[in-house]
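Written out below as structure tokens is the structure these notes cover.
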Amino acid sequence: MELNHYIQKIDEKIETLCEELKKIAPENLKELIENFNEFTLRPGKRVRPLLLLLSYNGYKGKNMDDAITFAAAIEIMHSFLLVHDDIIDNADLRRGKPTLHKTYEKSYNSSKLGTDLAIVVGDIVAFYIFGILSELKVSESTLKKIVKNFSKCYVNTGFGQLLDILYAGRIDDKIVNEDIPEKISELKTAYYTFVYPMLFGYYLSENNIEKEEEKILIVGKNAGIAFQYRDDIIGIFGGDAKTLNDLHEGKFTSVIKLTYELLDENDKKIFLNLISKNPKNESDIEKLYELIRKTNSVSVLQDKINTLIEASLKYTEQLTMNEESKSSLRQLISKIKSIPL
């Protein structure tokens, strides 16, 4: 499967879909849709749409036009979520350029207007995509399955985001013992980035293979949690702006939970007080780094990541998809280990 070729096809379809939305927009709103189109087409990994296509090819789907449309649709939905995520995080940049709400803020010289416009444009795009799904050339029963699971995908992602928001900087001695980071990893990353894109490709191929959905779930869940754990490490030792955000905001990640579990009782109290402190000064951040390094929690977490990846690869062999797609999937999963810190 030639990834660069498919990325080009996905981007072309994204542009077509955004252009169609722009055509039905009132004249004085067309530029807002153009801005969203530019935001979506910024260079990115396109992991989710590529997984959908990989799955569709693997299960010998016949209508590649439909697959490209569906792939473009989930990338547009990804942008919709990023627009809202950037507002929540009060982020200035996304992929090296101004976030959508900052673009609107500059155009209209108003921070509130920029935020309000970005929220509503994101909402419009999400509603528009549900209409695009109705045009897929599949049986009625397959379309119902797709729409139902499309809804589940974004509801679960929303639940993951709520957990992430709710417990950032609000970790106490009770909450810290709950499996919140794993649940966030499952909902926000595993299902959203791996499981559902693969399921969408499988559903679209209109295959009905016994227990195949269960196998896809296991492959995607293990790979997705590993991916998020790796991202949690990057969030603390990645050497970029995200590092400051994760520690300053006190995000409840796998690194934080594991560090707490490995500390002695006295250090646990210090760690909890610091991670939940708001705002934090440089001395607080340095102490957090010290405690994280003291436990060697990152090394322990890397071992967990390797175990999850091996489990995902093991179940990949049990999938019924063709060998070419299975090989591409193995390569993608194996790359999780080598994401640079």
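Filter the stretch 302-341 for residues that are part of a helix (DSSP H, G or I) and of a type in the set (Asp, Glu); which is farthest from residue 194 (Cα to Cα)?
That would be 303.
Is there a residue being touching a Gly at 6+ places or on another chain (Cβ under 9 Å) and under 28 Å from residue 33 (Cα atoms) anywhere in the stretch 136-148? No, the conditions are met nowhere in the stretch 136-148. Within the stretch 134-157, the set of residues being assigned to a helix (DSSP H, G or I) and loosely packed, with under 15 Cβ neighbours inside 10 Å comprises 140, 141, 144, 147, 148, 151, 152, 155.
What are the residue pairs meeting all of these: first residue in the stretch 289-305, first residue crowded, with 17+ Cβ neighbours inside 10 Å, second residue aromatic (Phe, Trp, Tyr) and in a helix (DSSP H, G or I), Cβ atoms under 8 Å, and 6 or more apart or on different chains? Correct list of pairs: 291/271; 298/237; 301/229; 305/229. Restricting 266, 207, 245, 278 to those that are more than 30 Å from residue 64 (Cα to Cα), part of a loop (DSSP other than H, G, I, E, B) and in the same structural domain as residue 171 (by the TED database) reduces the list to 278.
The selection criterion, being assigned by the TED database to the domain that holds residue 299, within 18 Å of the chain's Cα centre (by Cα) and farther than 19 Å from residue 297 by Cα, does not hold for residue 202.
Does residue 75 satisfy the condition of being among the charged types (D, E, K, R) and over 30 Å from residue 318 (Cβ atoms)? Reasoning before the result, please.
Working: among the charged types (D, E, K, R): yes; over 30 Å from residue 318 (Cβ atoms): no.
So residue 75 fails the test.
Checked against the criterion of being out of contact with any Asp or Glu (no Cβ under 7 Å at 6 or more places or on another chain), within 24 Å of residue 326 (Cβ to Cβ) and of a type in the set (A, V, I, L, M, F, W, C), the candidates 17, 29, 52 yield just one match: 52. I'm trying to understand the selection: among the residues of the stretch 57-83, which are over 13 Å from residue 205 (Cα atoms) and of a type in the set (Phe, Trp, Tyr)? Once the filter is applied, which keeps residues that are over 13 Å from residue 205 (Cα atoms) and of a type in the set (Phe, Trp, Tyr), the stretch 57-83 yields only 80.
Suppose we filter the stretch 104-129 for residues that are in a helix (DSSP H, G or I) and more than 19 Å from the chain's Cα centre (by Cα); how many remain?
Residues that pass the stated criteria total 18.
Within the stretch 187-223, the residues that satisfy the criterion of being free of Cβ contacts under 8 Å to residues at least 60 places away in the same chain, among the charged types (D, E, K, R) and farther than 24 Å from residue 164 by Cβ are 210, 211, 213, 214. When you scan the stretch 222-240, do you find a residue that is polar (S, T, N, Q), modelled with pLDDT of 95 or more and part of a helix (DSSP H, G or I), even just one? Scanning the stretch 222-240 turns up at least one residue that is polar (S, T, N, Q), modelled with pLDDT of 95 or more and part of a helix (DSSP H, G or I). Checking each residue in the stretch 37-77 for being surrounded by fewer than 19 Cβ atoms within 10 Å (Cβ to Cβ), under 18 Å from the mean Cα position of the chain (by Cα) and under 22 Å from residue 19 (Cβ atoms) picks out 41, 42, 43, 44. On inspection, residue 257 qualifies as on the phi < 0 side of the Ramachandran plot and part of a helix (DSSP H, G or I). Every test in (1) under 30 Å from residue 326 (Cα atoms); (2) modelled with pLDDT of 95 or more; (3) surrounded by fewer than 17 Cβ atoms within 10 Å (Cβ to Cβ) is passed by residue 162 save one, and that test is (1).
The values are calculated or read from the model by the stated rules, or taken from the named source; none is laboratory data. Quantities reported herein were computed from a predicted structural model and do not represent experimental measurements. So basically every Cβ, Gly included, is an ideal-geometry build from the backbone, and we count neighbours across all protein chains shown.
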